[in-house]
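A.B. asks: Attaching a single structure in C-alpha cells format; questions to follow.
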Amino acid sequence: MRPPYGYRNPLLNGVVARRGNAGVAMWSIAARDWKTEAAEPVIERLRRARGGDMVLLHDGDHRVQQGNRLHVVAALEYWLPRWKDAGMRFVTMNEIEQRPR
C-alpha cells in the first residue's frame, strides 16, 4: 500500500502486515501533479526519473470528483516513449515484490 501523503509512523509496517498486505510502497520521484496545471511543469519534474525509480503520479483529485488529469496524461505522452527508447522497462508492484532480494 502507498500511505496517503506519504505519512508513515513506526506502527505502519506492523498494521500493513497484520492486514495481509505485502508492504509499504514509497516513491523516489513525485510529479506533484495533484492540482490541475499545465503539462510543462509536470514534464519538467519528471526529468530526473531514471531506471529503478518509483514515480508517483495521481489519477484523481481528492478535492473534486472526476478531477482533470489531462496534464498527467500529457506528461506521460511526452515521457513514456522517451523512457522506453532509453531502455527503461515498466513493471507492476507484483513484479517488484516477486524479485529475489
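A.B. asks: Out of everything in segment 11-40 that is of a type outside the set (Val, Ile, Thr), surrounded by 15 or more Cβ atoms within 10 Å (Cβ to Cβ) and outside any loop (DSSP other than H, G, I, E, B), what residue ends up being modelled with the lowest pLDDT?
C.D. replies: Filtering segment 11-40 for residues that are of a type outside the set (Val, Ile, Thr), surrounded by 15 or more Cβ atoms within 10 Å (Cβ to Cβ) and outside any loop (DSSP other than H, G, I, E, B), the one modelled with the lowest pLDDT comes out as 30.
A.B. asks: What about residue 64, is it more than 15 Å from the chain's Cα centre (by Cα), more than 25 Å from residue 22 (Cβ to Cβ) and of a type in the set (Val, Ile, Thr)?
C.D. replies: In short, yes.
A.B. asks: Just to be sure before I move on: is residue 48 loosely packed, with under 12 Cβ neighbours inside 10 Å and either within 25 Å of residue 99 (Cα to Cα) or among the basic types (Lys, Arg) (or both) in the structure I sent?
C.D. replies: yes
A.B. asks: On to the next question. Test residue 88 against the stated conditions and say whether it is loosely packed, with under 14 Cβ neighbours inside 10 Å and closer than 20 Å to residue 27 by Cβ.
C.D. replies: When the stated conditions are applied, residue 88 does not pass them.
A.B. asks: Still on this structure, please answer the following. Kindly check whether there is at least one residue in segment 67-74 that is part of a helix (DSSP H, G or I) and touching a residue at least 40 places away in the same chain (Cβ under 8 Å).
C.D. replies: Yes, segment 67-74 contains a residue that is part of a helix (DSSP H, G or I) and touching a residue at least 40 places away in the same chain (Cβ under 8 Å).
A.B. asks: A further question follows. Of all the residues that make up segment 75-101, how many are among the charged types (D, E, K, R), without any contact (Cβ under 8 Å) to a residue 24 or more places away in the chain and either in a helix (DSSP H, G or I) or touching a helix residue (DSSP H, G or I) at 6+ places or on another chain (Cβ under 6 Å) (or both)?
C.D. replies: Total satisfying the criteria: 5.
The values are calculated or read from the model by the stated rules, or taken from the named source; none is laboratory data. Source: prediction; values computed, not measured. No Cβ is skipped: glycine too gets one built from the backbone with ideal geometry, and neighbour counts run over all protein chains shown.
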